[in-house]
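Inspection log for the structure reproduced underneath, given as structure tokens.
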Amino acid sequence: MSATMNRIGLPRDAYKGAATTLCAGCGHNSITNHMIKALYELGVEPHLLAKMSGIGCSSKTPAYFVETAHGFNGVHGRMPALTTGAQLANRQLIMLGVSGDGDTASIGLGQFMHMIRRNIDCTYIIEDNGTYGLTKGQFSATADLGSVQKKGAVNTFQPIDPCAVALTLGCSFVARSFSGDGKQVVPLIKAAIAHRGTAILDIISPCVTFNDHDGSTKSYSWVKDHEESIADVSFIPFFEEVHVDYEPGTVRDVELHDGSHIVLKKLGEDHDPTDRLAAMKVLEEGRAAGHLVTGLLYLDTTMNDFASTEQIPQRPLVELGENDLRLTPDEFGQFMSEFA
Amino acid sequence: MTDQIINDLTIQAATVNGSGSQTANLVLTRAIFHMGIPVAPKNVFPSNIEGLPTWYQLRVTPQGHMARRDQVDILVAFNVATWHQDLRTVRPGGVVVHEEAFSTAEARTDITYYPVPFSKLAKTKIQSDTLRKQLANMIYVGVVAGLLGIPWEALDHAVKRQFLSKPKAVPINLDAMKVGFDYWQDNFSKKDPYRLEPMIGVVDGKVLVEGNQAAALGALMGGVTVAAWYPITPSSSLCENLIAYSDRFRTDPKTGEKRIAIVQAEDELAAVGMAIGAGWAGARAMTSTSGPGISLMAEFAGLGYYAEVPVVIFDIQRIGPSTGLPTRTSQADIGFAYTLSHGDTKHLVLLPGTVEECYEFARDAFDYADRFQTPVFVLSDLDLGMNLWMTPEFKYPDKPFDRGKVLSKDDLERLRGEWARYADIDRDGVPYRTLPGTDHPAAGYFTRGSGHDEHARYTESAEAYAANMDRLSRKFETARGALPAPVIDESSKSPIGLIAFGSTHAAVVEARQALEAARRPVDYLRVRALPLSPQVVEFVSRHERVYVVEQNRDGQIYDLIRLALPPALVDRVLSIRHYDGQPIPADAIIEPLLQSEAVPV
């Protein structure tokens with residue numbers, strides 16, 4: 001039996017990585033599988049993929065998919081800086097960052113915000129479980145007010161909502177999902193990769209060891225009971241034809257930079273993902289009602305990404321040589337003489 | 001009148017920060033330089049935008065001494081707040097040009113005064129209300145020109161040179177200067193011995209360059225393509241110059257595309273992180289900062305060392321600890337930068353001693369970083385970085401870039417994909433790397449700051465850890481022999497030696513001439529890189545006593561040298577330290593050395 005190949009002739013196995021060392025049942029492992037599926041179906045060239053991460057359970061996961069791609073597991077909370085530098089060095093790379101709630105909302109909040117502010121072209125996935133797993137179960141900054149730690153301690157602080165922060169900063173792509181909802185996560189990952197600019201995807205990803213008990217608002221059962229999807233998401237890549245046969249008025253279709261489409265099918269109230277105020281309202285209303293709002297919250301395809309704003313050429317800067325980079329001897333001589 | 005003193009004097013202008021005095025100071029400097037006389041300006045400025053005192057010292061010597069001098073020959077007193085303090089700095093027999101309104105009731109009697117009604121002249125002779133404050137400074141240049149005999153032609157040239165890009169400003173500045181020039185002619189007769197006379201052939205081929213300008217040009221010629229920085233004195237002008245030069249030399253005139261990315265980051269952590277990300281992706285990447293920024297970069301510096309990522313980090317040193325004196329110079333980051341980060345981290349450090357070396361080392365730092373796949377620190381300082389230095393024109397590079405051991409797609413095909421990121425194939429400790437984007441299935445590897453084996457896979461193996469750390473040590477030893485060697489001058493055949501590095505060089509050059517004149521000649525070794533060259537130990541072994549001169553309190557390089565010496569030689573080295581934030585003068589070397597050698601000063 002021959003394996004099914006994607007559009008660039010690679011089997012799904014080509015997108016696999018090393019065996020996971022995370023706990024059995026960890027939400028992050030599901031996200032890794034969603035990532036493999038999304039990258040395989042998109043037909044991403046492994047050699048053009050750059051997997052970036054910080055420190056923590058989530059940040060280990062880039063080792064667990066697309067083993068042949070380059071990866072960089074940096075320092076805690078600083079994935080955005082490394083990603084920014086690498087992206088500028090080579091605009092051809094597909095930057096895929098994986099972070100966690102501690103890595104993003106605590107130690108890395110500053111870099112997270114500044115990356116959004118610059119609109120660096122990358123996908124930024126937050127594997128959000130509200131707890132520090134590797135250091136054994138302390139609250140993180142995304143833990144909800146009143147949520148209960150495994151040993152009974154109650155969180156007395158307001159949470160930082162990465163999606164709300166991203167919206168406030170004018171992030172060009174903001175989405176939230178749940179690791180157990182592959183039908184939603186996979187198209188969102190694809191859309192995030194197709195999007196040119198910073199795409200924030202906050203995925204609630206339960207920690208089975210330290211944060212999956214009663215009283216937690218990041219447990220499997222809590223999320224299953226409280227998830228409220230604002231729209232069904234499907235993604236049509238640029239290499240497939242668009243044929244949508246929904247009834248008029250029931251779907252929204254947004255074209256992304258590379259010609260792909262993201263198609264949103266209305267569920268309940270209509271949400272316009274190009275309306276930032278509406279996105280904030282949906283989040284706030286969900287929070288007040290005790291719901292976890294998931295789906296594509298906001299998308300702006302008109303904003304320039306940083307490298308475009310800075311007029312960095314498409315040809316990777318890393319490929320430039322002496323003739324592109326040095327002054328000519330004449331220019332050099334003229335320039336030196338100006339210091340006389 | 002005593003004997004004339006020609007072309008050997010120090011002018012100090014005491015002004016108020018933010019009053020536009022810097023333009024006037026530079027015009028005076030350029031006018032004297034245009035006469036063919038060597039100049040060495042030092043700007044002593046406050047951490048302030050407007051209102052605090054600032055001093056500009058312009059030293060003029062026929063020999064071209066570049067170091068600061070403690071004693072002032074000609075004081076231009078513009079600032080009433082520091083008037084009495086400034087008077088004390090003037091050497092006996094010196095000259096004071098001062099605002100007429102300042103009280104001379106309790107002033108010294110051993111100096112010559114030329115009171116000038118600067119405020120009145122500015123009010124009555126300068127028409128522009130908006131520019132009056134700035135132009136008032138130009139009046140002092142005119143007075144000093146009259147006093148010293150600077151020809152009008154030189155002043156005219158200097159103003160035009162200063163306002164090269166703003167020719168409209170030339171006439172009003174010339175007019176203001178003429179006010180002072182005429183005031184001197186009409187009101188004073190010469191009562192002091194100081195004169196300037198044109199010199200022939202001494203400054204030919206020389207230019208005036210700031211170290212940060214030189215480093216920016218060096219980085220550009222070294223092929224930097226990604227620079228990330230956070231503003232901090234005294235480093236900011238390095239990246240600001242880089243931006244200006246890139247706008248001119250790296251921008252496609254048709255498309256506006258830039259062959260460089262320069263990011264003003266949110267802090268120094270992000271700045272060095274971006275540079276390391278870019279270095280990892282294969283760009284020639286850099287950041288520039290000063291002490292407080294270096295402190296923030298510690299964690300990333302360790303990642304760069306351990307994950308073996310090329311990056312160039314400029315540290316334009318200022319006085320610490322903590323915020324310290326942000327606008328004063330120092331060489332006190334050397335020990336910290338050398339081992340920046342926790343857990344057996346150590347770095348390659350380049351120590352430029354002249355602005356020419358700021359250019360060359362900035363340029364070559366990218367080669368060293370690529371060749372040794374590690375952060376390279378370039379330690380300049382405020383004195384070197386922000387003052388103008390007279391220098392020969394820089395040389396055009398005679399070598400292509402050295403990109404180090406990078407495996408291309410073709411290399412990987414030839415190797416049939418068999419390679420390991422951290423294997424020591426060549427037994428020099430330097431491994432091979434691939435760049436992201438290399439189109440070969442074996443190219444990818446996983447870079448991490450956690451424990452890794454030769455294949456870059458995560459491991460906690462004791463053997464793999466120790467073997468990797470030993471290889472990193474081997475790499476460091478390979479680099480030791482490849483970095484810029486010390487510059488050694490043993491022509492004096494003296495049993496006494498001096499060791500110094502960085503901007504201390506200027507004071508050492510002058511001190512050696514004075515010591516030779518005092519029949520105590522000394523040999524000299526200038527350290528230009530860390531880790532230390534074995535030549536340092538050899539130099540010590542050839543001398544009975546060696547004085548290590550540096551601008552920090554604790555004798556940081558003195559300590560590093562003693563650590564490198566065999567026990568029998570340790571007592572031969574002695575330490576001379578200068579750490580008040582002012583660039584070290586030659587006297588700060590001559591006096592302690594002669595004292596130690598038991599010769600009455």
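Starting from residues that are outside any helix (DSSP H, G or I) and in contact with a helix residue (DSSP H, G or I) (Cβ under 6 Å, 6 or more places away or on another chain), keep the ones in the range B:238-262 and report whichever is nearest to the other protein chains (Cβ to nearest Cβ). Restricting to residues being outside any helix (DSSP H, G or I) and in contact with a helix residue (DSSP H, G or I) (Cβ under 6 Å, 6 or more places away or on another chain), the top hit is B:A261. Across the range B:75-106, the qualifying residues are those that are assigned to a loop (DSSP other than H, G, I, E, B) and not small (G, A, S), and the one among them that is surrounded by the fewest Cβ atoms within 10 Å (Cβ to Cβ) is B:E106. Is at least one residue of the range A:288-308 touching a residue at least 60 places away in the same chain (Cβ under 8 Å) and acidic (D, E)? Scanning the range A:288-308, I find at least one residue that is touching a residue at least 60 places away in the same chain (Cβ under 8 Å) and acidic (D, E), so the answer is yes.
Hey, could you check the range B:514-545 for residues that are under 29 Å from B:A362 (Cβ atoms) and either outside the structural domain of B:Q556 (by TED's automatic domain parsing) or in a helix (DSSP H, G or I) (or both) and say which is farthest from the chain's Cα centre (by Cα)? Restricting to residues being under 29 Å from B:A362 (Cβ atoms) and either outside the structural domain of B:Q556 (by TED's automatic domain parsing) or in a helix (DSSP H, G or I) (or both), the top hit is B:E538. Among the residues here, B:A24 does not qualify as assigned to a helix (DSSP H, G or I) and more than 23 Å from the chain's Cα centre (by Cα).
Restricting the range A:204-226 to residues that are aliphatic (A, V, I, L, M) and within 21 Å of A:T135 (Cα to Cα), which is surrounded by the most Cβ atoms within 10 Å (Cβ to Cβ)?
First, the residues of the range A:204-226 that are aliphatic (A, V, I, L, M): A:204, A:208, A:223.
From what is left, the residues that are within 21 Å of A:T135 (Cα to Cα) are A:204, A:208.
Numbers: A:I204: 28, A:V208: 18.
Ranking the candidates gives A:I204 first.
Taking only the range B:162-195 into account, find how many residues are touching a strand residue (DSSP E or B) at 6+ places or on another chain (Cβ under 7 Å) and modelled with pLDDT of 95 or more. Quick ask: steps written out before the conclusion?
If we filter the range B:162-195 for residues that are touching a strand residue (DSSP E or B) at 6+ places or on another chain (Cβ under 7 Å), which is where we start, we get B:183, B:188, B:191-195.
Now narrow it down to the ones that are modelled with pLDDT of 95 or more: B:183, B:188, B:192-195.
So the count comes out to 6.
Which residue is nearest to the other protein chains (Cβ to nearest Cβ), if the candidates are limited to the range A:22-59 and must be part of a strand (DSSP E or B) and touching a Leu at 6+ places or on another chain (Cβ under 8 Å)? The selected residue is A:A50. Selection of the range A:60-71 for residues being facing another protein chain (nearest Cβ under 7 Å) and touching a helix residue (DSSP H, G or I) at 6+ places or on another chain (Cβ under 6 Å) yields A:T68, A:A69, A:G71.
Looking only at the range B:424-443, which residues are more than 14 Å from chain A (Cβ to nearest Cβ) and without any contact (Cβ under 8 Å) to a residue 60 or more places away in the chain? Can you show your working first?
Taking the range B:424-443 as the starting set, the residues that turn out to be more than 14 Å from chain A (Cβ to nearest Cβ) are B:424-432.
If the condition is that a residue be more than 14 Å from chain A (Cβ to nearest Cβ) and without any contact (Cβ under 8 Å) to a residue 60 or more places away in the chain, then B:D424, B:I425, B:D426, B:R427, B:D428, B:G429, B:V430, B:Y432 are the ones that fit.
Pairs are defined by a Cβ separation below 6 Å, a sequence spacing of at least 6 or placement on different chains, a first member in the range B:457-484 that is free of Cβ contacts under 8 Å to residues at least 60 places away in the same chain, and a second member that is of a type in the set (D, E); the pairs so defined are B:T459/B:D453; B:A464/B:D453; B:R471/B:D424.
For the range B:397-423, which residues satisfy the criterion of being basic (K, R), more than 14 Å from every other protein chain (Cβ to nearest Cβ) and either within 16 Å of B:D370 (Cβ to Cβ) or touching a Ser or Thr at 6+ places or on another chain (Cβ under 9 Å) (or both)? Break it down into steps so the answer makes sense when it comes.
Taking the range B:397-423 and keeping what is basic (K, R), we get B:399, B:403, B:405, B:409, B:414, B:416, B:421.
Filter again for more than 14 Å from every other protein chain (Cβ to nearest Cβ), leaving B:405, B:414, B:416.
Selection gives B:K405 alone.
Looking across the range B:309-345, the residues that are surrounded by 23 or more Cβ atoms within 10 Å (Cβ to Cβ), more than 18 Å from the chain's Cα centre (by Cα) and in a loop (DSSP other than H, G, I, E, B) come down to B:V309, B:P310, B:L340.
Which one of B:D428, B:D424, B:D364, B:D398 is part of a helix (DSSP H, G or I) and modelled with pLDDT of 95 or more?
Numbers: B:D428 fails: part of a helix (DSSP H, G or I); B:D424 fails: part of a helix (DSSP H, G or I); B:D398 fails: part of a helix (DSSP H, G or I).
Exactly one of B:D428, B:D424, B:D364, B:D398 is part of a helix (DSSP H, G or I) and modelled with pLDDT of 95 or more, namely B:D364.
If you check B:G291, B:G180, which single one turns out to be over 22 Å from B:Y368 (Cβ atoms), in contact with an Asp or Glu (Cβ under 6 Å, 6 or more places away or on another chain), more than 10 Å from chain A (Cβ to nearest Cβ) and buried (at least 24 other Cβ atoms within 10 Å of the Cβ)?
B:G291
Screening B:S165 on (1) in a loop (DSSP other than H, G, I, E, B); (2) not assigned by TED's automatic domain parsing to the domain that holds B:V72 shows it passes everything except condition (2).
The values are calculated or read from the model by the stated rules, or taken from the named source; none is laboratory data. Since this is a predicted model, take the numbers as computed values, not measurements. Glycine gets a Cβ as well: all are built from the backbone with ideal geometry, and neighbour counts include every protein chain shown.
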